[in-house]
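Down below is the structure, laid out as C-alpha coordinates.
The values are calculated or read from the model by the stated rules, or taken from the named source; none is laboratory data. It should be emphasised that the depicted structure is a prediction, and the values quoted were computed from it without experimental measurement. In this analysis, Cβ positions are derived from the backbone assuming ideal geometry, glycine residues included, and neighbour counts consider all displayed protein chains. For the accessible areas, the whole protein counts, side chains as well, though only heavy atoms, and no ligand, DNA or RNA atoms are used. Shrake-Rupley method; radii C 1.70, N 1.55, O 1.52, S 1.80 Å.
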Amino acid sequence: QVQLVESGGGLVQPGGSLRLSCAASGRVFRINAMGWYRQAPGEQRELVASITNGGSTHYANSVKGRFTISRDNVKNTVTLQMNALKPEDTAVYYCNAGTVDWVSYWGKGTLVTVSS
(Lines give C-alpha, C1' and ligand atoms only; values in the text may rest on other atoms or scores of the structure.)
Protein backbone atom coordinates (compact mmCIF):
# COMPACT_ATOMS: atom_id res chain seq x y z
CA GLN A 1 0.00 0.00 0.00
CA VAL A 2 1.01 3.57 -0.72
CA GLN A 3 -0.52 6.54 1.06
CA LEU A 4 -0.56 9.99 -0.53
CA VAL A 5 -1.29 13.26 1.26
CA GLU A 6 -1.67 16.51 -0.66
CA SER A 7 -1.27 20.04 0.64
CA GLY A 8 -1.11 23.57 -0.71
CA GLY A 9 -4.47 24.22 -2.32
CA GLY A 10 -6.46 27.38 -1.77
CA LEU A 11 -7.89 30.52 -3.31
CA VAL A 12 -5.75 32.63 -5.63
CA GLN A 13 -6.43 35.49 -8.00
CA PRO A 14 -5.97 35.06 -11.76
CA GLY A 15 -2.32 35.42 -12.66
CA GLY A 16 -1.23 34.25 -9.24
CA SER A 17 0.76 31.22 -8.14
CA LEU A 18 0.25 28.21 -5.93
CA ARG A 19 2.46 25.31 -4.97
CA LEU A 20 0.99 21.87 -4.36
CA SER A 21 2.89 19.18 -2.51
CA CYS A 22 2.24 15.48 -2.12
CA ALA A 23 3.96 13.23 0.39
CA ALA A 24 4.06 9.49 -0.20
CA SER A 25 4.44 6.88 2.51
CA GLY A 26 4.18 3.13 2.80
CA ARG A 27 5.63 0.93 0.06
CA VAL A 28 7.24 3.86 -1.72
CA PHE A 29 10.01 1.69 -3.13
CA ARG A 30 7.46 0.27 -5.57
CA ILE A 31 6.51 3.69 -6.99
CA ASN A 32 7.45 4.33 -10.60
CA ALA A 33 5.69 7.45 -11.84
CA MET A 34 3.97 10.17 -9.84
CA GLY A 35 1.70 12.86 -11.08
CA TRP A 36 -1.09 15.34 -10.59
CA TYR A 37 -4.59 15.08 -11.98
CA ARG A 38 -7.45 17.50 -11.65
CA GLN A 39 -11.21 17.36 -11.84
CA ALA A 40 -13.39 20.40 -12.35
CA PRO A 41 -17.10 20.33 -11.50
CA GLY A 42 -18.99 18.35 -14.12
CA GLU A 43 -15.80 17.33 -15.89
CA GLN A 44 -13.78 14.15 -16.10
CA ARG A 45 -10.53 13.81 -14.19
CA GLU A 46 -7.60 14.76 -16.40
CA LEU A 47 -3.84 14.41 -16.22
CA VAL A 48 -2.06 17.67 -15.47
CA ALA A 49 1.54 16.56 -15.18
CA SER A 50 3.56 13.46 -14.43
CA ILE A 51 7.15 12.58 -13.63
CA THR A 52 8.97 9.25 -13.65
CA ASN A 53 11.62 7.95 -11.28
CA GLY A 54 14.20 9.06 -13.81
CA GLY A 55 12.82 12.59 -13.97
CA SER A 56 11.06 12.45 -17.33
CA THR A 57 8.08 14.79 -17.32
CA HIS A 58 4.86 15.13 -19.23
CA TYR A 59 2.43 18.04 -19.19
CA ALA A 60 -1.06 18.62 -20.46
CA ASN A 61 -1.02 21.16 -23.28
CA SER A 62 -3.20 23.49 -21.24
CA VAL A 63 -0.53 23.93 -18.54
CA LYS A 64 2.72 23.80 -20.52
CA GLY A 65 4.89 26.77 -19.74
CA ARG A 66 2.91 27.62 -16.61
CA PHE A 67 3.17 24.55 -14.38
CA THR A 68 6.29 22.69 -13.29
CA ILE A 69 6.35 19.26 -11.70
CA SER A 70 9.29 18.11 -9.60
CA ARG A 71 10.07 15.15 -7.43
CA ASP A 72 12.31 14.37 -4.47
CA ASN A 73 12.99 10.64 -4.47
CA VAL A 74 14.68 10.82 -1.08
CA LYS A 75 11.82 12.57 0.68
CA ASN A 76 9.22 10.78 -1.47
CA THR A 77 7.47 13.98 -2.41
CA VAL A 78 6.16 15.43 -5.64
CA THR A 79 5.48 19.12 -6.12
CA LEU A 80 3.46 21.06 -8.65
CA GLN A 81 4.41 24.71 -9.03
CA MET A 82 1.54 26.53 -10.72
CA ASN A 83 2.12 30.00 -12.14
CA ALA A 84 -0.01 32.35 -14.20
CA LEU A 85 -3.13 30.63 -12.93
CA LYS A 86 -6.36 31.02 -14.85
CA PRO A 87 -9.97 30.60 -13.73
CA GLU A 88 -10.14 27.45 -15.85
CA ASP A 89 -7.48 25.91 -13.62
CA THR A 90 -10.06 25.76 -10.84
CA ALA A 91 -10.48 22.13 -9.82
CA VAL A 92 -9.76 19.55 -7.20
CA TYR A 93 -6.17 18.42 -7.71
CA TYR A 94 -5.27 14.82 -6.95
CA CYS A 95 -1.86 13.31 -6.41
CA ASN A 96 -1.29 9.96 -8.09
CA ALA A 97 1.37 7.30 -7.78
CA GLY A 98 1.79 4.37 -10.11
CA THR A 99 3.76 1.35 -9.01
CA VAL A 100 5.95 -1.10 -10.87
CA ASP A 101 3.19 -3.71 -10.60
CA TRP A 102 0.64 -1.41 -12.27
CA VAL A 103 -1.29 -0.37 -9.18
CA SER A 104 -2.50 3.22 -9.01
CA TYR A 105 -2.89 5.12 -5.75
CA TRP A 106 -4.68 8.41 -5.17
CA GLY A 107 -4.65 11.14 -2.59
CA LYS A 108 -7.87 12.65 -1.29
CA GLY A 109 -7.44 15.82 -3.31
CA THR A 110 -6.92 19.50 -2.62
CA LEU A 111 -9.11 22.29 -3.97
CA VAL A 112 -7.61 25.04 -6.08
CA THR A 113 -9.85 28.01 -6.79
CA VAL A 114 -8.74 30.75 -9.17
CA SER A 115 -11.04 33.72 -8.86
CA SER A 116 -10.98 37.46 -8.38
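List of remarks:
- Within a straight-line Cα-Cα reach of under 17 Å, residue 86 can be paired with the following lysines, leaving aside sequence neighbours fewer than 8 residues apart in one chain: 64.
- Percent carbon-and-sulfur accessible area, the chain, ignoring ligands, DNA and RNA, probe 1.4 Å: 50
- Averaging the sequence gap over all C-alpha pairs within less than 8 Å and six or more residues apart, then dividing by the number of residues, gives the chain a relative contact order of 37 percent.
- Accessible area per residue in Å² at 1.4 Å probe, computed on the chain: 54
- Dipole-positive endmost among 53, 63, 11 within the chain (Cβ charges, Cα centre): 53
- The Kirkwood hydrodynamic radius of the chain, based on inverse pair distances between different Cα atoms, is 14.0 Å.
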